[in-house]
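Please see the structure below; I have some questions.
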Amino acid sequence: MTIDDSQQPAPRHGKILEALAQAERKVFTRPAPKSAKAQVKFLLTRAKGSTKALAERLGVSRRTVERYRAGQLTQPQKLQAALVEETESEWQPQVKARAREQAATSTGMMVRVVAHFGFTANGSSGDGRERTILTPISPTYAAEILRLQEAGATESELHPVVAEAITESYFTEWGTRAKGLRADLTDVRSIEFEF
């Protein structure tokens, strides 16, 4: 392990942000590069060959980037998470954009969530409980969730929007029952999205 690798913290995201990234990875038509050398080579093409720009992006030295490109370093350890994240964020941008556009305009998304839901309706509140829910999210809410993700929203900023989307489709059945119900999404155990 190099000094640069030991100083690079692994990127951390919340469950909702990670689930959105995972949904994007599922639409890839070809697998993203797997080895550290191939990932660095790919990222260098996206950085127009600038080892300096890539080093800054990854939070390592130029020399470290050059070693990975040459195949001298092959097991990035703590840098691995950053390499995977950066590679997948740049991989097949048109495929991801097409899937996101379709979700935001016509098909929406599916969400599978295991979380604690608390409820408020007409001034009263009911005891919440953990539920496992699989439900579609309308294109309107899908567009809002994807817009917030793109704008760099935090996990706590996404929670209320995801809760509203689930409330609309699952609890109020698109406004046909339980008018005025509001569900709060807390303690998310797991969540998955699908375009």
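Could you work out the per residue convex hull volume over the alpha carbons of the stretch 16-59, in cubic angstrom?
Working: hull volume 4.2 nm³, N = 44.
Convex hull of Cα atoms, per residue: 95 Å³.
So for the chain, averaging the separation of alpha carbon pairs under 8 Å that are six or more residues apart and normalising by length, what relative contact order in percent results?
Details: 288 pairs, mean separation 51.4, N = 195.
RCO, the chain: 26 percent.
Still on this structure, I have one more. List the lysines whose alpha-carbon lies under 26 Å from that of residue 26, not counting same-chain residues fewer than 8 positions away?
The reachable lysines, counting only those whose Cα sits under 26 Å from residue 26, are 15, 34, 37, 41, 78, 96.
Would you compute the Debye intensity of the stretch 73-121 from its alpha-carbon atoms alone, equal scatterers and no solvent, and pass along log10 I(q)/I(0) at q = 0.15, 0.16 Å⁻¹ to two decimals?
-0.73, -0.77
Go ahead and run the numbers for FRET between residue 27 and residue 190, Cβ-Cβ distance against an R0 of 25 Å, rounding to 0.05. List each step's numbers first, then the result.
Values: r = 20 Å, r/R0 = 0.81.
Computed FRET efficiency for residue 27 and residue 190: 0.80.
Can I ask one more? From the helices alone, meaning DSSP H stretches of at least four residues, give me the mean residue ellipticity at 222 nm for the chain, per-run term -39500 (n - 2.57), in deg cm²/dmol to the nearest 500.
Computed ellipticity for the chain at 222 nm equals -13500 deg cm²/dmol.
Oh, and also: On each of the three principal axes of the Cα atoms of the stretch 85-195, give max minus min coordinate, whole Å, ordered largest first.
Dimensions of the stretch 85-195 along the principal axes of its Cα atoms: 47, 27, 22 Å.
Given 10 Å bins starting at zero, what is the percent of C-alpha pairs of the stretch 133-195 in each, up to the one with the largest pair distance?
Per 10 Å bin, starting at 0, the Cα pair percentages come out as 21, 55, 23, 1.
Would you mind giving the three semi-axes, in whole Å and largest first, of the ellipsoid equivalent to the stretch 63-150 according to its Cα gyration tensor?
Values: eigenvalues 314, 83, 21 Å².
Whole-Å semi-axes of the equivalent ellipsoid: 40, 20, 10.
Also, I was wondering about something else. Rounded to a whole number, what % of the accessible area of the stretch 7-103 do carbon and sulfur atoms account for, probe 1.4 Å?
Carbon and sulfur together cover 50 percent of it.
Stokes-Einstein diffusion coefficient for the chain at 4 °C in a medium of 1.567 mPa s, Rh from the Kirkwood formula over Cα pairs: what value in µm²/s?
In µm²/s, the coefficient is 69.
The values are calculated or read from the model by the stated rules, or taken from the named source; none is laboratory data. This structure is a prediction, so every number in the text was calculated from the model and none was measured. Positions of Cβ are backbone-derived with ideal geometry, glycine not excepted, and every protein chain shown enters the neighbour counts. We work out accessible area using only protein heavy atoms, side chains counted, and drop any ligands, DNA or RNA first. Shrake-Rupley method; radii C 1.70, N 1.55, O 1.52, S 1.80 Å.
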